[in-house]
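The values are calculated or read from the model by the stated rules, or taken from the named source; none is laboratory data. The structure presented is a predicted model; accordingly, all values stated were derived computationally and were not measured. Cβ atoms come from the backbone with ideal geometry, glycine included; neighbour counts cover every protein chain shown. Just so you know, the surface numbers come from the protein's heavy atoms only, side chains and all, with ligands and any DNA or RNA stripped out. Shrake-Rupley method; radii C 1.70, N 1.55, O 1.52, S 1.80 Å.
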Amino acid sequence: MSSFFKHYRFLLLRRITQVSLLVLYFGANAWGWHVLQGNLSSSLVLDTIPLSDPYATLQLFAAGGLVATNLLVGALIITLFYFVIGGRAFCSWVCPMNMVTDFAAFLREKLEINRIQDKQPATRKMRYWILGLSFILSLFLGVAAFEFVSPISMLHRGIIFGMGFGWAAVAVIFLFDLFVLKNGWCGHLCPLGGFYSLLGRYSFIRVRHSEEKCTLCMKCKQVCPEHQVLFMVGKESLQVLDGECTNCGRCVEVCEDDALNFSIRNYLGNTQSKGE
Ligand code: SF4
Ligand code: SF4
C-alpha cells in the first residue's frame, strides 16, 4: 500500500461515500434514477426500503404529528444501522456538512489560527442542550423544530434541488469554524451530531488504542475532531467508548506506530491486556 493511500485511506473512502450518496440523490431528482430517492430526512432505496432520520422522526412525535408506518420503519432501520457501526459514522461518512467543516478545520490548521485561538472556552455539551431544546420547541410549536432551520438539510437539499438562501447558512458555519471556534458546529453545536453521539454510545465498532505501541507523537489528537475522546492515548490500552467519536478513522490512518485500530467492542471490559 502506498504511503499516501495508507495515510488517507479512510478520508478518501469517506469522501467517495459522501459524494456518491449525493450523486445518487441528485440523479434521482435530475434523471429519475431509482437507487436512492428523497433527502436525508426521508429516503427510499430501490423503490422499496424506507430510510428515515430518527431524530427528525422523534421531533415529529414531540410535535404531535401523525407518523406514517414507512417513516417509523425507516427510522428503525437507520437506528439499528448506526447502533451497530457507530452513531456518528453518519457525521463522517454521510453528512455533507462534514466536508465543509473538515475544510474549515484544514484551513484553520494551515493558517495557524488554531495556535492563536485554541484556548477559547466553549463546552462541547452545548449540542445536548440544543438537542433538548429542539424537542421542547417541537412540542410547543407543533412542528419538527430543528428541521425548519437545519443547515444540513439546507445544504443537502440545495445540492440536490438547487441552492437558494442555504449558501448563507453554510457560509456562516464555515466562517464560524474557521475564525471563531475549532470544530465549532459539528463538535459543539449540531444537535443531530449530539443525537447520533447518544445513539453511538453502545455501538459495536470502536477505535482501540494500544498504549505499548504508542510513541506519544500525538498526531492522532491533532487530527481528531473530538480529541477529548482520545484521553487514553499514551496512558492506557483502551477502546474509545465515547459516543462522540465519529469513527472517521483519521486517528487510525495517521498513526505510524499502529497504536490505533478499529475493533469490535469488548462489552465485558474495556481494559486491554499488555502485549495485545
Ligand atoms: S455534527 Fe451535524 S453537521 Fe456535523 S457532520 Fe454530524 S450531523 Fe453533520
Ligand atoms: S477518535 Fe479517531 S475515529 Fe474517533 S473521531 Fe477521533 S480521529 Fe475520528
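Residues in segment 21-43 that are closer than 13 Å to HIS156 by Cα and either among the charged types (D, E, K, R) or out of contact with any Pro (no Cβ under 8 Å at 6 or more places or on another chain) (or both): 11 in all.
Note on segment 1-61: no enclosed strands (runs of 3 or more DSSP E) hold 3 or more residues that are open to solvent by 50 Å² or more (accessible area, probe 1.4 Å) and in the same structural domain as PHE161 (by TED's automatic domain parsing). Inside segment 118-152, residues that are open to solvent by 80 Å² or more (accessible area, probe 1.4 Å), among the charged types (D, E, K, R) and touching a residue at least 24 places away in the same chain (Cβ under 8 Å) make up a count of 1. Being open to solvent by 20 Å² or more (accessible area, probe 1.4 Å) and either part of a helix (DSSP H, G or I) or on the phi < 0 side of the Ramachandran plot (or both) is the requirement here; does LEU155 meet it? Considered against the rule, which asks whether it is open to solvent by 20 Å² or more (accessible area, probe 1.4 Å) and either part of a helix (DSSP H, G or I) or on the phi < 0 side of the Ramachandran plot (or both), LEU155 comes out as no. One residue stands out among those in segment 232-257 that are near ligand 2 (Cβ under 6 Å from one of its atoms) and among the β-branched types (Val, Ile, Thr): the one that is farthest from the chain's Cα centre (by Cα), which is VAL240.
Does PHE81 satisfy the criteria of being open to solvent by 60 Å² or more (accessible area, probe 1.4 Å) and within 16 Å of ligand 1 (Cβ to nearest atom)? Judged against the criteria, PHE81 is a match. Residues considered: ASN183, ASN114. Of these, the only one that is of a type outside the set (Gly, Ala, Ser), on the phi > 0 side of the Ramachandran plot and in the same structural domain as SER92 (by TED's automatic domain parsing) is ASN183.
The set of residues from segment 110-130 being modelled with pLDDT under 90 and either assigned to a helix (DSSP H, G or I) or closer than 18 Å to PHE174 by Cα (or both) comprises GLU112, ILE113, ASN114, ARG115, ILE116, GLN117, ASP118, GLN120, ALA122.
Let's see how each residue does on (1) out of contact with any helix residue (DSSP H, G or I) (no Cβ under 8 Å at 6 or more places or on another chain); (2) within 16 Å of ligand 2 (Cβ to nearest atom); (3) among the charged types (D, E, K, R):
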site: GLY158; (1), (2), (3): no, no, no
site: GLY162; (1), (2), (3): yes, no, no
site: ALA168; (1), (2), (3): yes, no, no
site: PHE204; (1), (2), (3): no, yes, no
site: HIS209; (1), (2), (3): no, yes, no
site: VAL223; (1), (2), (3): no, yes, no
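The number of residues in segment 211-241 being within 16 Å of ligand 1 (Cβ to nearest atom) and crowded, with 16+ Cβ neighbours inside 10 Å comes to 6. Scanning segment 137-175 for residues that are within 12 Å of ligand 1 (Cβ to nearest atom) and under 15 Å from ALA104 (Cα atoms) yields a total of 4. Of LEU199, LEU192, all but one fail to be among the aliphatic types (A, V, I, L, M) and in contact with a Pro (Cβ under 8 Å, 6 or more places away or on another chain); the exception is LEU199.
For residues that are small (Gly, Ala, Ser) and open to solvent by less than 20 Å² (accessible area, probe 1.4 Å), scanning just segment 170-192, find the one that is nearest to ligand 2 (Cβ to nearest atom). Even if it seems obvious, please write down each step before you answer.
Residues of segment 170-192 small (Gly, Ala, Ser): 171, 184, 187.
Retained after the next criterion (residues that are open to solvent by less than 20 Å² (accessible area, probe 1.4 Å)): 184, 187.
On the way: GLY184: 16, GLY187: 10 Å.
So, considering only residues that are small (Gly, Ala, Ser) and open to solvent by less than 20 Å² (accessible area, probe 1.4 Å), the one nearest to ligand 2 (Cβ to nearest atom) is GLY187.
Condition test on LYS110, is it surrounded by fewer than 20 Cβ atoms within 10 Å (Cβ to Cβ) and without any contact (Cβ under 8 Å) to a residue 12 or more places away in the chain? Yes.
Listed by first and then second residue, the pairs linking a residue in segment 89-103 that is within 13 Å of ligand 2 (Cβ to nearest atom) to a residue that is among the small types (Gly, Ala, Ser), with Cβ atoms under 6 Å apart and 6 or more places separating them unless they lie on different chains, are CYS91/GLY193; ASN98/SER92. The sole residue among PHE195, PHE204 that is surrounded by fewer than 17 Cβ atoms within 10 Å (Cβ to Cβ) and either aromatic (Phe, Trp, Tyr) or touching a Lys or Arg at 6+ places or on another chain (Cβ under 7 Å) (or both) is PHE204.
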